[in-house]
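Have a look at the structure below before the remarks.
Rule-based calculations on the coordinates, nothing more; no lab input. Just so it is clear, the structure is predicted and the values come from calculations on it, not from any experiment. Note: ideal-geometry Cβ built from the backbone for every residue, glycine included; neighbour counts use all protein chains shown.
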Amino acid sequence: MIKNIKFFWEVVKETFSAWNSSSASKDSASLAYYAIFSIPGLLIIIIWIAGYFLGEEAIRGEISNQISGLMGTDAAKSIENMIAGALIDKQNIFMKIIGIGSLVFGSTTLFFQLQHSLNTLWDVEAAPKKAIVKFLLDRANSLGMILILGFLLMVTMILSSLISIFNKFITQYFGLETYMLVELINFAIGFGVVMLLFALLFKVLPDVEISWKSVWTGALLTTILFTLGKFLLSLYFGTAKPTSAFGTAGTVILIMMWINYSCMLIFFGAEFTKIYTYKKGYKIVPSKHAKWSNAKLYEDSTKAHT
């Protein structure tokens, strides 16, 4: 047990050192910029997918509640306005085709750029002869992540709704202790959904084949840090209101700050997964449409000669 804790702590320290000296802060800022243009398309597609089963209004309300819980009502209203401004004309077939195409391209850009950053972290790049195929596959993977987000949102909404329905009944007939237990279960479900999302990001997006053991360990650490950071940032933004000096642009800056923070955590978790994988001695190979980068090959050749 002590040996495992010591090993874990060593990996965390090495991860922090590598993460701190990497381009994580610059990449996170770039992704926050791309996210502002991707968010409307991303959320509209999620609303269409999950709304097909539960109703678009219900999904919009759930998204608004989730954003309000993270960033406050002002940010939620700004994102609602973004979505309203990006809605396409469903009556005109030609405009519908163009609109859907632009939404898909815009919404997948965020995951596409995130994948590029994760590939740099893992020292892999697209094979030159397969560049076009790789580009199309990357966009398909990005769209797949959006579909997964929609599915997870739908599942979370259903479970939260069921718990809300039974809360009053549970409190009345089974007491406050049972109610607290149900709330704990609700928190655990939300924690599990976020952990699953991080695991999929670490496993699906980078062009490397890595062990699920490493992925789940990295996802667990990232989810713990994200949950703690979410609470602290919500408290800070709610009391200090650091964006109030920017007026109407404050909510956009707030959204970018949240995305920047989330991306930095993703890179920390990915760096941890990488170092954990190497230290455990698990096999790592590029996917069939990728290869090791020149920097990686140079590093390996240097080690071989020393």
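Observations, loosely collected:
- Length released on extending from residue 278 to residue 5, taking residue separation times 0.36 nm less the Cα-Cα span: 96.6 nm
- Residue 37 versus residue 68: modelled label distance in nm, points set 7 Å from Cα along the beta carbon direction: 3.2
- Residues residue 212 and residue 14, FRET efficiency given R0 of 30 Å [Cβ-Cβ distance, rounded to 0.05]: 0.90
- Full extension of the segment from residue 234 to residue 257, taken as 0.36 nm per residue of separation minus the current Cα-Cα distance, would add 7.1 nm.
- Inter-label distance for residue 196 and residue 178, nm, one decimal - labels placed 7 Å from Cα along Cα-to-Cβ: 2.7
- Packing order of peptides 183-191, 196-204, highest average first: 196-204, 183-191 (average count of other Cβ atoms within 10 Å over each peptide's residues).
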